[in-house]
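Heads up, the thing below is written out as structure tokens.
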Amino acid sequence: MKIKIMLAAAALTGALATPALAGDPTGLWQTPTNGGQVRIARCGQALCGTLVTSDHIRADANVRDQRNRDSAQRNRTLRNLPMLTGFTGGPTEWRNGSVYNPADGGTYRGTITMTNDNTLRLRGCIVAPLCKTQTWTRIQ
């Protein structure tokens with residue numbers, strides 16, 4: 001009987017010490033800047049994300065990607081703008097993707113890490129250690 005109790009206690013301790021895997025990153029996410037909302041979806045074997053809305057889009061639905069470093073892209077609208085492309089991996093971390101930042105028109109190497117079902121960390125780097133990390137919160 002004593003052995004059964006010890007085994008049960010050991011199993012419970014192991015279960016509590018093992019972190020739960022975070023959920024699926026697909027869905028609608030709130031960014032911490034400019035009231036942005038980004039929809040992350042599967043694009044084949046990779047993850048991608050599009051800008052659904054922001055303070056700028058709410059003020060002017062036809063606002064353009066004016067800061068894009070590629071002048072040929074500056075006429076496209078910010079609404080439904082591809083922001084995240086090519087992220088592969090999982091189940092809790094996706095790497096080797098690209099992050100487009102419409103605020104400065106730059107594209108950066110990125111990593112997405114799910115910290116729990118409703119929070120992710122997006123890291124974009126020019127070159128390590130020149131990186132910036134944001135925490136996004138799930139809306140749906």
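The values are calculated or read from the model by the stated rules, or taken from the named source; none is laboratory data. Owing to the predicted nature of the structure, the values given are computational and were not obtained by experimental measurement. No Cβ is skipped: glycine too gets one built from the backbone with ideal geometry, and neighbour counts run over all protein chains shown. To get the accessible areas, we keep the full protein, side chains included, count just its heavy atoms, and leave off ligands, DNA and RNA. Shrake-Rupley method; radii C 1.70, N 1.55, O 1.52, S 1.80 Å.
Normalised by the empirical 2.2 N^0.38 Å for globular proteins, what value does the Cα Rg of region 75-140 take? Could you put the intermediate results ahead of the total?
Values: Rg = 12.3 Å, N = 66, 2.2 N^0.38 = 10.8 Å.
Compactness ratio reported: 1.13.
Please list the non-local residues whose amide H lies under 5 Å from the amide H of Gly35, H modeled 1.01 Å from N, same-chain partners needing a gap of 5 or more.
Asp55
Short version: ³J(HN,Hα) in whole Hz for each residue of region 26-39, in order, from phi by Karplus 6.51 cos²θ - 1.76 cosθ + 1.60 (θ = phi - 60°), x for Gly and Pro, what are they?
5, x, 9, 10, 8, 8, x, 10, 6, x, x, 10, 10, 9
Under a 1.4 angstrom probe, counting protein chains only, how are Ile139, Ile57 ranked by accessible area, largest first? Mind dumping the intermediate values first?
Working: Ile139 75, Ile57 5 Å².
Putting Ile139, Ile57 in descending order of accessible area: Ile139, Ile57.
Could you state the per residue volume, in Å³, of the convex hull enclosing the Cα atoms of region 50-113?
Values: hull volume 5.4 nm³, N = 64.
Cα convex hull per residue, to the nearest whole number: 85 Å³.
Please check which bits of region 87-114 a label hung off Cys125 would reach, taking the label as a point 7 Å along Cα-to-C-beta and the cut-off as backbone N under 12 Å.
Label zone hits: 95-97, 109-112.
Using the Cα gyration tensor of region 36-78, with a ≥ b ≥ c the square roots of its eigenvalues, what is the shape: rounded (a/c below 1.5), prolate (a/b larger than b/c) or oblate (neither)?
The shape class here is oblate.
For Ala103 and Thr135 in one chain, what is 0.36 nm times their gap in residues minus the Cα-Cα distance, to one decimal in nm? Spell out each step's value before the answer.
Working: separation 32, 0.36 × 32 = 11.52 nm, distance 1.70 nm.
Working it through step by step, the gained length comes to 9.8 nm.
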